[in-house]
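Remarks on the structure that follows.
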């Protein structure tokens, strides 16, 4: 039926709606009438004149006729567009301001939506991504499990079409020259088959290639690594390379779009998980108690619901719990999307992006409110023109259509500009590598969905602010307006425009509040106490396993490296640790009471971060020893096992620092450790964490090939960090050139933990700035408009002797009152909103006098800036000139 | 066609369409002739603004009640001729009946006298 009406409409508009045809018909009518009049005695000329007069408004009836014929929508539209363009060209300032405002607002939305789209909405680039789930622990957002547990889950569940596992590792790749460090995904044999992808070149490894530990020395390159490091050389297939001094064979190349299943980790290549020990892994494949496999995932079988699969997995888990009580703690599971490491990153990223989307939506709304009041003011200024057109027979519908066309044109222009800007920005974002040490590429490419959303937003916002002046036009009484000039009703009640302005200011205040809160939080977290002092410190990061140093050869090599750096000019002290706090690859151990005999995981008192350190670490890292002693090289294999713990550890196990000294505890391996010192608390995994227990063990009692050299220099490495880095590298090359090292300042190593808060602060800052700009233009527009409308009244006041203060109050009282109203509302809302922020930004608390004061000050400044020019205009009113003009 | 005189009646809203249908029901007419026909059968008692006829005509065409095609008038001028469609005829009869019923009821109501006891 609808289709029928539509075609009929089309046909009729083609058939009878043509303007020329209508004109011809109307003219024919007039001719016929003139014929009759001529016959009754008028001269032909007089007859034609009379016929025309009798006919009535030709243009009016032509237009009404056209509308009645349902006609020529397209032609009318083209006319509207041309007319609107002419109108807009006449006021370039208005047009430019409006287009830019929208470009910013729509651009911001396009950027945020693109990020949201590529992180959350777009499925992974693997077949059937919708049914691919990560197996995550039920009680925590992590997926770590031991290799034997993975095998049991894989073989004993009935819900998955195969379960693959993989783990992150760094290796030294030697393809003929000096080894370079590469990031790899160690994958189970069935990995590629479970993901259902096909090789781009050569072949993948399969489950059938695995025959026990170290049986499958194969490599599958990612397309990007093949492109960058092998120049797309097709003959790499079959080539042998050395990984950590072990020969591996390149089997093939993965397809271009595939870079693993984690958005935040782009591995260079894939090796089989069964060869874990050859690529630097110290963990035993058969140890059920070592939960080192990063993630297990798979496709659900068709028709199996996630809840069923979870129940199935839990059943397997329960039986494992019962069979291996010494190794496996609680074994319940949940399912999550693998792309953001399940809920671990997924939850905060989702919350943050949703919040950002909301804020940028608010920005767009504020922009619309802004433009709406601009349009309303413009419509009021054009009331005389509108009245004239109405009097000449234009229909209100037609005039409104014209205004809407104008609005939509502006919004489309703004949308196109905004989208273009956002594409540029997104390119830069995609090329950006925020964390130097970690292979993270945020590939954010806008797709059709993004363009569609931008177009939709543009049209919707155009319609939104276009209809705001609608009532004004509908209420126009042509006779009144033409007679009296512009009609100013000195209304005291809040108009729609006032309401819009208040809303807009409130939105802006929300944005400013949240960006201030997060900036403050960030500043605090950068200058906060990490439990170590990153100033003046360079870090060297390497894995001696990559150069073939294992077992007993590790410690002497590490000591040689330390010695070679300690004699460097400008170096105060050098120390060594296997991992560093806030380094992103920390490890945790279960802690048991000294007298405990049953060391099953369920009996652990707590988990403690564990660091293997060399003597001198505390002094070099700037971690204060509260009591007791540092390690020395005599704390070796033959000496009693000792440990230094942090305050939190001491408090939890012994109640106080003093009580912990000399205390005994055990780790999983059952060796009794004596506490010889207590160090201050610090931050270990994230800046927002609560105090956590940590334990330091002497590296000479628990050696590890993972090596972080901490080099404290006497002056800030800032400017000559490059130079210092080069010297460090050359010194270490003299020790052993085949050890791949990565040198950076401790501050830049902290980039990864500061990444989240920084991104949050930058994006909020940008949005806050945009909000502020919108508020300024909004208040400015309102104040300027109200001054120009009341210029004559102000002139009379001045002529009657009004003081400057009174004039200002009359001119600007209202905008300022609205500003206050909006600010208060926005501040209140902003304080509520920052509760959400506290999850991302360290110490983001709104109960901070500096933030409150800052927001109030910022809003006052905004008001001052925005009303400055209108106020000056009001003050320089010259009553004589004004009154003469009338 | 006369100029405005005192005994002319303003059209009730909505009645123009019915008048046009009536005029055209007697045979195809062009726009001006429709006016003449209405003037003729009403004895010139109805006031119709000439131009207002055309939006009404176009609307009826769009509703599928009339068809229009170009032809040559009795004055030897090009003019567009309107004719009832089958749907138009049906609507015309229906609306005539409705109108008559309404007019009858109105007349009865207005003629009613206060009954004396």
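Below are the figures for this structure:
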read-out: Inter-part distance where the range A:441-457 and the range A:223-262 are each reduced to a Cα centre, Å; value: 32 Å
read-out: Shielding by partners - mean other protein chain Cβ count within 10 Å, residues of A:52-61; value: 3
read-out: Bridge type composition, the range A:537-750 - antiparallel percent by DSSP, nearest 5; value: 75 percent
read-out: Förster radius 22 Å - calculated FRET efficiency between residue A:792 and residue A:821 (Cβ-Cβ, nearest 0.05); value: 0.20
read-out: Within the range A:697-712, backbone nitrogen closer than 19 Å to the virtual label 7 Å beyond the Cα of residue A:552 toward Cβ; value: A:699-705
read-out: Gyration tensor (alpha-carbon) shape descriptor, the range A:641-687, a/c threshold 1.5; value: oblate
read-out: Convex hull volume per residue for the range A:262-381, taking Cα atoms only, in Å³; value: 203 Å³
read-out: Segments A:704-715, A:45-56 sorted - mean Cβ within 10 Å per residue, highest first; value: A:704-715, A:45-56
read-out: Cα gyration tensor shape for the range A:219-266, rounded if a/c is under 1.5, else prolate or oblate; value: oblate
read-out: Spin-label model distance (nm) - residue A:196 vs residue A:633, 7 Å beyond Cα toward Cβ; value: 6.0 nm
read-out: Cα gyration tensor category, rounded, prolate or oblate, for the range B:15-71 with a/c compared to 1.5; value: prolate
read-out: Extension reserve of the residue A:689-residue A:161 stretch, reckoned as 0.36 nm per residue once the Cα distance is removed; value: 186.3 nm
read-out: FRET efficiency for residue A:722 and residue A:566, using Cβ-Cβ distance with R0 set to 25 Å, rounded to 0.05; value: 0.75
read-out: Stretch gain in nm, segment residue A:58-residue A:533, where the contour uses 0.36 nm per residue and the Cα spacing is subtracted; value: 162.4 nm
read-out: Residues residue A:449 and residue A:131, FRET efficiency given R0 of 22 Å [Cβ-Cβ distance, rounded to 0.05]; value: 0.55
read-out: Near-label residues of the range A:742-781 by backbone N, under 16 Å of a point 7 Å along Cα→Cβ of residue A:180; value: A:742-743
read-out: Calculated [θ] (222 nm, deg cm²/dmol) that DSSP helices of n ≥ 4 give over the protein assembly as shown, each run adding -39,500 (n - 2.57); value: -17000 deg cm²/dmol
read-out: Partner chain coverage, peptide B:24-32 - average Cβ within 10 angstrom; value: 2
read-out: Peptides A:735-743, A:148-156 ordered by average Cβ neighbours within 10 Å, highest first; value: A:148-156, A:735-743
read-out: Scaled radius of gyration (Cα, divided by 2.2 N^0.38 Å) that the protein assembly as shown gives; value: 1.36
read-out: Euclidean distance of C-alpha centroids, the range A:510-578 and the range A:168-184, integer Å; value: 22 Å
read-out: Packing-based ranking, highest mean first, of A:600-610, B:15-25 given that Cβ atoms within 10 Å are counted; value: B:15-25, A:600-610
read-out: 10 Å Cβ neighbours from other chains, averaged over peptide B:54-66; value: 6
read-out: For the range A:44-170, alpha-carbon Rg relative to the globular expectation (2.2 N^0.38 Å, N residues); value: 2.46
read-out: Pair residue B:85, residue A:832: separation of 7 Å Cα→Cβ label points (nm); value: 5.7 nm
read-out: Spin-label model distance (nm) - residue B:46 vs residue A:287, 7 Å beyond Cα toward Cβ; value: 10.2 nm
read-out: Antiparallel %, DSSP beta bridges [both residues in the protein assembly as shown], to 5; value: 80 percent
read-out: More than 21 angstrom apart: percent of Cα pairs within the range A:537-750; value: 54 percent
read-out: Percent of beta bridges antiparallel (DSSP, the range A:139-331, rounded to nearest 5); value: 75 percent
read-out: Paramagnetic reach from residue A:523 (point 7 Å along Cα→Cβ, amide N under 15 Å) across the range A:742-764; value: A:761-762
read-out: Normalised alpha carbon radius of gyration of the range B:9-109 [divisor 2.2 N^0.38 Å]; value: 1.10
read-out: Segment residue A:664-residue A:865, length gained on full extension (0.36 nm per residue, minus Cα span); value: 65.7 nm
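Just so you know, all these numbers are worked out from the coordinates, no wet-lab data involved. This one's a predicted model, so the numbers in the text were calculated from it and none came from an experiment. We place every Cβ from the backbone using ideal geometry, glycine too, and count neighbours over all the protein chains shown.
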